[in-house]
Amino acid sequence: MAGVDNDTLQRWLRAFAASVAEQKDALTALDAAIGDADHGANMDRGMAAVVAFLDATPPADPAALFKQTGMTLVKSVGGASGPLYGTLFLRMAPATGGAGALEPDVFAKALRAGLDGVVARGKAELGDKTMVDALAPALDALDAALAAGEPLAEALRAASDAADRGRDETTPMLARKGRASYLGERSIGHQDPGATSAALLLAAAASVVADQEAA
Amino acid sequence: MTVGIVVVSHSRALAEAAVGLAGEMLQGADHADGSSSAAPRPPSVEVAAGLDDGGFGTDAVAISEALTSADQGDGVVVLMDMGSAVLSAELALELVDDDVRERVVLCPAPLVEGLVVAVVSAAGGASAAEVAAEAGDALAAKSGHLGEAVTPAAAAPVAEASVAGAGEETGTFTVRMPHGLHARPAAALVAAVRGLDADVRLRNLALDGPEVSAASMSKVATLGALQGHEVAVRAHGPDAAVAVRRLQELAEESFGETAPAAPAPTPAARGTGRPIPASPGVGIGPVRVAAPAGIMLPAPVPGSPAEQRDRLAEARATGREHLRAVRDRAAREIGEAEATIFDAQMLLLDDPDVLADADARVEAGADAAQAWADAMDAVEAALAAATDEYLRGRARDVRDVRDQVLAALGGHAETAAASDGVLVADDLTPADAAVIDPGRTAAVVLAGSSPTAHAAILLRARGVPAVVGVGSDLAARARQAGVLAVDGTTGELVVDPDESVLADFRARAAAHTARRDDALRRAHEPAVTRDGTTVLVGANVGSVDDAVAAVGADLAGLVRTEFGFLDRHDAPDVAEQEAAYRAIAEAMGGQRITLRTLDVGGDKPLDYLPMPAEANPFLGVRGLRLALARPQLLADQLEAIVRVAHDHPVDVMFPMVTTVDELTAARRALDDAVETVGRGRPELRVGIMVEVPAAALKAASFAPSVDFLSIGTNDLTQYALAAERGNEDLAALADPLDPGVLALIAATVEGAGDDVLVAVCGEVAADEQAVALLLGLGVRELSVAPAAVGVVKQAVREVDMDEARELATTALTCPDAPAVRRLVEQRSSRHP
């Protein structure tokens, strides 16, 4: 099949939760360098809450899934990543159009709507050393690959690679948003934790969709 | 009405403690008379703080629930701590019902101070917007009390990860101007952040100085930011990002400073020891040494703090009117760019830090005058202690503003500063020069300055004879003297002249006065050239006072209607405008008045006409372009003009027209106004300003649709030579006598044909030497500053049209403006 169904999307979120849990200390270490050392713990708390509701009351369709994920993150993360990741998923929900399974272009459009929400909420621009620096090139790569006729798994792989590159490119950047911006020049030389977790989100998507298509 | 309040914090303990603290404020109200029957209800305060597990954090869902329960239909004000509290509150707005959302205001006030004020304000029945505004002011009392040491330089920690977004924006800029961040750029800086919903703070990194508010003119000046210094910007609030970006852009543009800022001393100003003629005429009189004319504090007036505050507000309003008048005069007589120096003084009048300080002093029992004087003295002392010489000089601006307000509060000048005589000073600020009374000041002698300095230009405009650059030695001798004789035409200064010299100077003075009197006496006669060509000489008018001063003017050739629109928070309505134009028409005593429709743009924005910042406002949406973009504004103004035109002879003139389509649209708006008034079409002539070179070259296309073309030589010169007005570096380039500009005037006359009158209403029209040239080019109306009407008429009377046409033909072949000037000087030496 070409698209992603509700089960795959749930696996995506579980995979993201797993990699956040695994990388929790690394994310916190990155945040300790230029922030307030809570990004790993905050994201882990939020994604653990997401997994808990997936276990208890699995949503019926992707729109409900995204909405509930967003609300859960908003409630449980605590830091700025709560409203930002929360907005990402809350904006994805209506963009699914209520479909039971998402065609590749619908999935890409939903992600794009989510990114637009993040940009509007955080007022960050490309190059400000934020999660946008991973998400934006990733979604550009996703759109380009789909437009070139590549299957979704390939396209998500390209997106994940672009997110990784974007994440790496935050290292020499000067932070212009959030706590890290107080450090000014001293923020240079450190990889941005928000961009790092965002790259994990894309990597998780690429991985579960590849598994789905292999199955 | 009772507005609800929601407190958003990372910490529940912090939020609850803050609510408890604020609640203390309401207890008195309930218990004072044992009842609270008529008292307003305490507001509903909801807390959304911390995470469910007791940890630090914010939760947009919890905030949205708090919003819904705090809202009782009268709206909700949200006070937040920082970082994700702001993001979560914004997100919460998306989660509530539309009707609730519309009633919610997110308030940028500091949490504790803001909450205390908000609770009291809400209990008093204020609306959500009012509660938020009052809370937003909560910091002022504290910053006023602490003076400069408001915030430690280290940024307050915000519990946020480095993911995108937070409530704070930061950045830096580097000061590039040679004089540093002095009064004028500081005024531009304050103006740039004013009106933004952001608390913006600045810190001079080079000096490792304290952080100060960017909203405060006085505080920005005390940054002591010199050329090359790096300044850190920190902003909070919804517009924080805009504020930082705007300041950085402004710094890129050197805060609009394109030239050495103030009247910079030219080489001559260092004093050659020989006087330089700067303003023609002869003056003899006792020496008057310019000393800072202080104001004696008036006797304290008893009254409650509220009454004192009212008195101070009234005095500040009077001071503002006075400064506005000085500024308007400077704008007319020197130029808009230079007049902006007075904007800095006006900003000082409204400086929130100064006001907070004065307020605190009133609260502590001082009367209005004492509180104001002490608050301003503190600012002056801070500036006087500045490391930069230029900043120290600005202390005088503060003193001016202080004294103007004190005078309005009943203070008296300490010395007989206005005694008659010859004024001797090191230099004069434009402000000083602009208010010199020609009736009492026989002449001015300056140790420094130059004939091209603003002060000299103003002295010429005011008809006060002056010599400048006399040097410190001669100035010192002059100060010791009893009597001085000054010839500002030849550049002579005689200290304690003997009888024969006095007789000589008196004779020169008499001859000069006779010529001026002759011009004045004949001012009411028409200006007719020697060969019988009648030329209309009008006055440029920006107020009723100008119209009264326009003695002998054949018409008001340019009425700058901006006067009714500036310095206010809303546009004047039709009735107000009608009354203003009527007053001018009446002051002109039946002479025709040419009302130019509103001519503003991005370079002089109005409160009620928000305009996006333009990279080059002189090439932006201004003049008729702006009017057509704001049809209601134009419709109202045209309606007022049409109403007046039914009773007085009126022309309407549209500024900065570029295409015939624009004129057609404007004429259509005029037709609509005639219809709205409904009294038929009055006798109303229509014209345009020719300022855009393209319009000059297309004059023939405009001619069928107009009764007259009025050439605004100031802007035409600026546009034709690509040389900004007010840029002192380009002053020599921006000469209206450049043959290129003259060719555009000639093209306008040719395109106008026989039936369309061509006028000139720029400064060049008042240049006596240029009169013959303009007439030779075919101009038949000159509109000049009111005081110049008589002498320009006299200059017209000396013109022979055949010679003038020959002069014009030759001038058009000259390579440059200096060649044209030499040509007209040769001619005027033939016709002294």
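Could you tell me whether residue A:163 is more than 11 Å from every other protein chain (Cβ to nearest Cβ), crowded, with 21+ Cβ neighbours inside 10 Å and assigned to a helix (DSSP H, G or I)? The answer is yes for residue A:163.
Residue check: residue A:51 meets all listed conditions (1) more than 10 Å from every other protein chain (Cβ to nearest Cβ); (2) buried (at least 20 other Cβ atoms within 10 Å of the Cβ); (3) under 21 Å from residue B:59 (Cα atoms) but one, namely (2).
Of B:537, B:551, B:501, all but one fail to be assigned to a strand (DSSP E or B), of a type in the set (A, V, I, L, M) and either under 39 Å from the mean Cα position of the chain (by Cα) or closer than 19 Å to residue B:424 by Cβ (or both); the exception is B:537.
Conditions (1) outside any helix (DSSP H, G or I); (2) free of Cβ contacts under 8 Å to residues at least 12 places away in the same chain; (3) in the same structural domain as residue B:711 (by TED's automatic domain parsing); (4) of a type in the set (Gly, Ala, Ser), marked per residue:
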{"site": "B:773", "(1), (2), (3), (4)": "no, no, yes, no"}
{"site": "B:779", "(1), (2), (3), (4)": "yes, no, yes, no"}
{"site": "B:787", "(1), (2), (3), (4)": "no, no, yes, yes"}
{"site": "B:791", "(1), (2), (3), (4)": "no, no, yes, no"}
{"site": "B:794", "(1), (2), (3), (4)": "no, no, yes, no"}
{"site": "B:804", "(1), (2), (3), (4)": "no, no, yes, yes"}
{"site": "B:810", "(1), (2), (3), (4)": "no, no, yes, no"}
{"site": "B:825", "(1), (2), (3), (4)": "no, no, yes, no"}
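The single condition among (1) of a type in the set (Ser, Thr, Tyr); (2) over 15 Å from the mean Cα position of the chain (by Cα); (3) facing another protein chain (nearest Cβ under 9 Å) that residue A:96 does not meet is (3).
Exactly one residue among B:22, B:62, B:85 is modelled with pLDDT under 85, crowded, with 18+ Cβ neighbours inside 10 Å, in a helix (DSSP H, G or I) and out of contact with any Pro (no Cβ under 8 Å at 6 or more places or on another chain), and that residue is B:22. If I filter segment B:157-193 down to residues being at pLDDT below 75 and within 15 Å of residue B:244 (Cβ to Cβ), which single residue comes out as nearest to the other protein chains (Cβ to nearest Cβ)? Taking the candidates together, the pick is B:165.
Determine if segment A:80-91 includes at least one residue that is within 19 Å of residue B:94 (Cβ to Cβ), hydrophobic (A, V, I, L, M, F, W, C), more than 10 Å from every other protein chain (Cβ to nearest Cβ) and surrounded by 24 or more Cβ atoms within 10 Å (Cβ to Cβ).
yes
Of the candidates A:127, A:122, the single residue that is on the phi > 0 side of the Ramachandran plot and within 14 Å of chain B (Cβ to nearest Cβ) is A:127.
Please specify each residue of segment B:639-687 satisfying the condition of being in contact with a strand residue (DSSP E or B) (Cβ under 7 Å, 6 or more places away or on another chain), free of Cβ contacts under 8 Å to residues at least 40 places away in the same chain and of a type in the set (A, V, I, L, M). The answer is B:645, B:670, B:686.
The set of residues in segment B:682-718 being of a type in the set (A, V, I, L, M), in a strand (DSSP E or B) and more than 16 Å from residue B:780 (Cα to Cα) consists of B:684, B:686. Can you confirm whether segment B:30-46 contains a residue that is modelled with pLDDT of 90 or more and not in a helix (DSSP H, G or I)? Checked segment B:30-46: at least one residue is modelled with pLDDT of 90 or more and not in a helix (DSSP H, G or I).
If the requirement is being at pLDDT 80 or above, within 14 Å of chain A (Cβ to nearest Cβ) and under 26 Å from residue B:376 (Cβ atoms), which of these qualifies: B:234, B:203, B:245? First the steps, then the outcome.
Values: B:234 fails: under 26 Å from residue B:376 (Cβ atoms); B:245 fails: under 26 Å from residue B:376 (Cβ atoms).
It is B:203.
When each of B:785, B:699 is tested for being within 27 Å of residue B:549 (Cβ to Cβ) and of a type in the set (A, V, I, L, M, F, W, C), the lone residue that passes is B:785.
Being facing another protein chain (nearest Cβ under 10 Å), within 19 Å of the chain's Cα centre (by Cα), of a type in the set (Gly, Ala, Ser) and within 15 Å of residue A:125 (Cβ to Cβ) is a condition met by at least one residue of segment A:184-194. From the residues in segment B:565-614 that are acidic (Asp, Glu) and part of a loop (DSSP other than H, G, I, E, B), which one is modelled with the lowest pLDDT? Checking each candidate, the answer is B:603.
Looking at this structure, is residue B:96 within 14 Å of another protein chain (Cβ to nearest Cβ), at pLDDT 85 or above and surrounded by fewer than 21 Cβ atoms within 10 Å (Cβ to Cβ)?
yes
The residues of segment A:170-183 include none that are outside any loop (DSSP other than H, G, I, E, B), more than 7 Å from every other protein chain (Cβ to nearest Cβ) and either within 22 Å of the chain's Cα centre (by Cα) or at pLDDT 75 or above (or both).
The values are calculated or read from the model by the stated rules, or taken from the named source; none is laboratory data. Because the structure is a prediction, the values reported are computed rather than measured. Every residue, glycine as well, gets a Cβ built from its backbone with ideal geometry; the counts of neighbours run over all protein chains shown.
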